[in-house]
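Q: Got a structure for you, questions after.
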Amino acid sequence: MRAAVLEEFGKPLKIWNDWKDPEIGPSDAIVKILANGICRSDWHLWQGDWEWMGFKPPLPFVIGHESAGIVEEVGKNVTRFKKGDRVVFPFNQACGKCEMCAEGHQHVCSNMALSMFMGAGGFGEYSPVANADVNLVALPESISFVQGAALGCRFMTAFHGVTAQGEVKPGEWVAVWGCGGVGLAAVDVASAMGANVIAVTRSQEKLDMARKLGAVATVQAGEDAVEQIQELTKGGVHVSLECLGTAATWMPAIMSLRTRGRLVRIGMSGKEEAGMLTLPADLLTAREFEIRGSMGMQARCYPEMLRMIDSGRIRPQDLVTEQVPMEEASRVLEAMSSYDTIGYSVIVAK
Ligand SMILES: [Zn+2]
Ligand SMILES: [Zn+2]
């Protein structure tokens, strides 16, 4: 199959016409990828980051994990899907059998398969999906493949972070730190849930987009951001959504909380932090702050999100700023190095 192949970290991807087709097990499916979002995690992998988590792929490799498409083939044990079905799937693919899966938390499955590490990601023509009955989600006709692309990672990650982990309630103050793909989606979802959203990021263009998506206030990231938020909210936010993941946003996101506030960490750190950040530990005690993680979303929770998209209450399509062929994926990754992209760039099949 054709694929944009990562041959060397940080270097332009190469188009191969003969990348090996994905293999299929009896419970798996192969999906023909029609749209695939280019996510910050792809950029991290392209950079060769995340070695500290054991996530450095063997080269050459095909990345991509925000895919929407059509089922091409299913294994003999798959009963819920067939060739030709329109589908999306979460990047974190569950086994369906472990303790976490049995409890319904398939997104933190103990035997998780990450689509970005299965050797044939969405930067190619076909991708494998493990345990298809557990991990595939039917994409309604009313939602296009391009709209569906970011539902594999950034948009659904924001949905889970706001709803399940953040437990955002109407009228609460919510600060969204970092307005990249996850952050802007979080602004959209939290606003739809009735929260008063404050978007915080460096770029004025991204703040303007956050306004359009429903933020009631915006704050330019910088030294006085915490002070501005404390003033705006008269005592801090109920929920801080940390969508960037680096040291630059971590401490301000905590310090902008009101007493008993909750911080949801969605972003991932880069090479500099290698996953290690400091904590104002005594404040956690004194002010009863809560810190929660948020990791993708399980397939069984997609219907709520799809209904909100179908009715227009949340709008992933408003975040898609660019549709590109596979050949241009490299250019997008390069632009992401300086945080110059806005919203979602989506690779579309010719
Ligand atoms: Zn499992
Ligand atoms: Zn992602």
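Q: Under the Karplus relation 6.51 cos²θ - 1.76 cosθ + 1.60, θ = phi - 60°, what is the ordered set of whole-Hz ³J(HN,Hα) values for segment 235-241, x standing for Gly and Pro?
A: Using θ = phi - 60°, the values come out as x, x, 8, 6, 9, 10, 9 Hz.
Q: Would you please name the trypsin sites (Lys or Arg not before Pro) within segment 230-304 that are DSSP coil residues with at most 16 other C-beta atoms within 10 Å of their C-beta?
A: Here the sparse-neighbourhood loop sites are 234, 271, 287.
Q: What GluC sites (Glu not before Pro) in segment 249-350 are in a loop by DSSP, with at most 10 other Cβ atoms within 10 Å of the Cβ?
A: Answer in residue order: 272.
Q: Evaluate the distance, in nm, between pseudo-label points positioned 7 Å from the Cα of residue 318 and of residue 144 along their respective Cα→Cβ axes.
A: 1.6
Q: Can you give the local net charge around residue 236? Use residues other than it whose beta-carbon is closer than 12 angstrom to its beta-carbon, Lys and Arg +1, Asp and Glu -1.
A: Charge balance near residue 236 sits at +2.
Q: Suppose every Lys and Arg Cβ carries +1 and every Asp and Glu Cβ carries -1, with no other charges. What dipole size does segment 1-153 come out with about its Cα centre, to the nearest 20 debye?
A: 180
Q: Among 49, 188, 310, 28, what is the fewest-to-most ranking by other Cβ atoms within 10 Å?
A: Ascending Cβ contact count within 10 Å gives the list 310, 49, 28, 188.
Q: Filter the chymotrypsin sites (Phe, Trp or Tyr not before Pro) in segment 134-184 to those in DSSP coil with at most 14 other Cβ atoms within 10 Å of their Cβ, and list the result.
A: In loop regions of segment 134-184 (DSSP not H, G, I, E or B), there are no sparsely surrounded chymotrypsin sites (Phe, Trp or Tyr not before Pro).
Q: Can you tell me what percent of all Cα-Cα pairs in segment 156-293 are more than 20 Å apart?
A: Here the long-distance tail beyond 20 Å is 36 percent of all Cα pairs in segment 156-293.
Q: Which value results for Rg/Rh of the chain when Rg is the Cα radius of gyration and Rh the Kirkwood radius based on the inverse mean 1/r?
A: The Rg/Rh ratio comes out at 0.96.
Q: Let me spell out the model: positive unit charges on the Cβ of Lys and Arg, negative unit charges on the Cβ of Asp and Glu, origin at the Cα centre of the chain. What dipole size does that give, in debye rounded to 20?
A: 660
Q: Just the ratio, please: alpha-carbon radius of gyration of segment 30-84 over 2.2 N^0.38 Å, N its number of residues.
A: Output field value: 1.46.
Q: Of 206/271; 32/82; 169/212, which ones are farther than 18 Å apart at the Cα?
A: 206/271; 169/212
No lab work stands behind these numbers, since they all come straight from the coordinates. Given the structure is predicted, the values throughout are model-derived calculations rather than measurements. When we count neighbours, we look across all protein chains shown, and the Cβ atoms used for this are built from the backbone with ideal geometry, even at glycine.
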